[in-house]
Amino acid sequence: MHEVLIVGSMALDSVKTPFGEVDRVVGGAAVYAATAASLMATPRVVGIVGGDFPQEALDFLVARGADLAGVKRVPEGKSFYWSGVYDYDLNDRETLDTQLNVFADFHPTLPESFRQSRYCFLANIQPQVQLSVLEQLEDARFVMCDTMNYWIDNEREALLEVLSRVDLALLNDTEIRQLADTPNLADAARRVLDLGPDYIVVKKGEYGAALVSRDEHFGIPSYPLAHVVDPTGAGDSFAGGMIGFLAHQDNCQSRDLRRAVVVGTIAASASIEDFGLDGLKQLHTSELLVRCDGLREMVQFEPIRL
Ligand code: AMP
């Protein structure tokens, strides 16, 4: 089993959607990504939690094969807390509250065994922290990063440094327009490629995702679902699915990247079917493969001849 390093938030989330609400359920980018990746690889998780973080959630990750040597628990502290609300257009969410708590002191030192990780996902965290993790990697083969509007606005220099050093950047449509300062997504992706990464994944929520490199553009729809309950964590499940698949293949050619985007799309689809991690937990290898085949069917077509 190949290992993937996953660095990011481990959170308690309160979420309200038109279909219900939950209070202080386990979430966080690293938890979603590790859960998705665990279907294909061994996640090495790096994060920080407070005394209030449920032990069952850590036990679940261990049962999925994760190595939690990089997870620090601060018993006297509180976990990162995020709360958000979604409207009927689930692509659009409003953050109501972010409490960093122990996450404010997240300056990870990688356990010795984690430094040789070859496949890595740096989830949405302060770019300086992403840089410090990059400094500690000794044998990285493929590194993906995520970010958010706050860092694009407030830590642009450090973020540009991160982008110059990763292989793939995941951005949603709003973020990439903001980063590249242009409204056209294809143009924006080209401009971000000029900053350093070999690949960009543009996430477009329910409209799908595109993988863009200097000479390729691969776009796929999202997996159609009759019931979407909570989109929180979709992007992180997507990323975890991608990096888990790449580690499993131990290859990162364009054909692997394309299939990784499909696996990410399916991990995201399961994630949004229920609140918190409940949807993603239901996804097992057999269903993952069935959905991947289904998506493949959906996008195949014969050549057009007139
Ligand atoms: P996503 O829906 O993929 O963007 O990820 C949502 C997850 O990211 C939630 O579980 C939150 O706990 C976590 N999150 C929200 N805001 C932040 C932030 N500023 N830094 C790190 N993680 C965050």
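The values are calculated or read from the model by the stated rules, or taken from the named source; none is laboratory data. On a predicted model such as this, the values are computed, not experimentally measured, just so you know. Reconstructed Cβ throughout: ideal geometry from the backbone, glycine too, with neighbour counts over all protein chains shown. Accessible surface areas use protein heavy atoms only, side chains included; no ligands, DNA or RNA. Shrake-Rupley method; radii C 1.70, N 1.55, O 1.52, S 1.80 Å.
Before moving on, here are some points about what is shown:
- Of all the criteria given as (1) away from the ligand (no atom under 16 Å from the Cβ); (2) more than 19 Å from the chain's Cα centre (by Cα); (3) open to solvent by less than 40 Å² (accessible area, probe 1.4 Å); (4) not aliphatic (A, V, I, L, M), the one not satisfied by Arg44 is (2).
- Candidate set: segment 91-112, residues that are part of a helix (DSSP H, G or I) and at pLDDT 95 or above; chosen: the one nearest to the ligand (Cβ to nearest atom): Phe103
- Considering residues of segment 215-253 that are touching a strand residue (DSSP E or B) at 6+ places or on another chain (Cβ under 8 Å) and away from the ligand (no atom under 16 Å from the Cβ) only, the residue most open to solvent (accessible area, probe 1.4 Å): His217
- Wholly enclosed strands (runs of 3 or more DSSP E) of segment 1-86 bearing at least 2 residues over 16 Å from His107 (Cα atoms) and in contact (Cβ under 8 Å) with a residue 24 or more places away in the chain: 3-7, 11-17, 20-27, 42-50, 80-86
- Looking only at segment 64-90, and only at residues there that are modelled with pLDDT of 95 or more and of a type in the set (A, V, I, L, M), the one that is farthest from the ligand (Cβ to nearest atom): Ala69
- Which numbered condition Val201 misses (of (1) within 16 Å of the ligand (Cβ to nearest atom); (2) open to solvent by 50 Å² or more (accessible area, probe 1.4 Å); (3) of a type outside the set (Phe, Trp, Tyr)): (2)
- For segment 23-39, a residue qualifies if it is farther than 20 Å from Leu170 by Cα and aliphatic (A, V, I, L, M), and the qualifying residues are Val25, Val26, Leu39.
- Pairs are defined by a Cβ separation below 7 Å, a sequence spacing of at least 6 or placement on different chains, a first member in segment 118-136 that is over 12 Å from Val46 (Cα atoms), and a second member that is among the charged types (D, E, K, R) and within 16 Å of the ligand (Cβ to nearest atom); the pairs so defined are Asn124/Asp146; Gln126/Glu155; Pro127/Glu155.
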